[in-house]
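What follows draws every value from the coordinates through simple rules; no lab data is involved. Everything numeric in this text was worked out from a predicted model, so none of it was measured. Reconstructed Cβ throughout: ideal geometry from the backbone, glycine too, with neighbour counts over all protein chains shown.
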Amino acid sequence: MKIIYADPPYIGQAKRHYDSNEINHKKLLKHLVQFNGWALSCSSPSLQILIPMLNKITLDYRIGAWVKPFCIFKPNVNPAYAWEPILFKSARKGDRNKPTTRDWVSANITLKKGLVGVKPDAFSFWLFELLGAEPEDEFIDMFPGSGAVSKAWNTWCQTFREIAQKSPTF
């Protein structure tokens, strides 16, 4: 299976945080839905822009949530932005032989990683489960930034394989 994850600069934030041009989210969404499984990180304010775009392309997706118990509290921003939506389509349907994955994760943000928005391992591991990923899948981190998600993929795949080797086969 081919699985892709996109964590682009959020709408309206490209110049401010990354000194780059805005991403064409319409083209991005059309690209993502071509994969067996996909996910797009975004901000809660951008949902009102992204959902109508996505609904014109496909209705085969869900919205998950990354809830941040520890987050940055900005002056004069109340309520705080303490969660981020994840638009996604799993590559595989769940079955009774695997634990059920929640459509949300609670994980603290990262600090001092060199870039804004570096995803923590707990987020990444949840994302792989959410997407129904397996170690033999091709995983594409479309906006690798710090490389944290790709590194977490390698760790997750190695752990998955080690557990499988220790499990008895019948």
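Positive end of the dipole of the chain (Cβ unit charges, origin at the Cα centre): among W104, N21, Q165, the Cα lying farthest that way belongs to N21. To the nearest 10 degrees, how steep is helix 121-130 against the longest Cα principal axis of the chain, on a 0 to 90 scale? Here the helix axis deviates by roughly 70 degrees.
Are any of the pairs K2/K112; K26/K98; K68/K151 more than 28 Å apart by Cα-Cα distance, and if so, which? Over 28 Å Cα-Cα: K2/K112; K26/K98. When restricted to Cα atoms, the stretch 84-170 yields an Rg and a Dmax of 14.0, 47 Å, respectively. Helix 47-57 and the longest principal axis of the Cα set of the chain meet at an angle near 60°.
Express as a percent, rounded to the nearest 5, the fraction of DSSP beta bridges in the chain (both residues included) that run antiparallel.
Here the share of antiparallel DSSP bridges comes out near 50 percent.
If you run the Gaussian network model on the chain, springs between alpha carbon atoms under 10 Å, then out of D103, D137, D95 the most flexible one is D95. Computed from phi, the 3J(HN,Hα) profile of the stretch 66-81 under the Karplus parametrisation 6.51, -1.76, 1.60 (θ = phi - 60°) reads 9, 8, 10, x, 10, 9, 7, 9, 8, x, 6, 10, 8, x, 6, 7 Hz, with x in place of Gly and Pro. Restricting the GluC sites (Glu not before Pro) of the stretch 95-170 to loop positions (DSSP other than H, G, I, E, B) with no more than 12 neighbouring Cβ atoms within 10 Å leaves E136. Seen against the Cα atoms of the chain and their longest principal axis, helix 148-166 is set at about 20 degrees. Near the amide H of A65, within less than 5 Å, lie the amide hydrogens of I86, W104, V105, all on another chain or at least 5 residues away, with H placed in the peptide plane.
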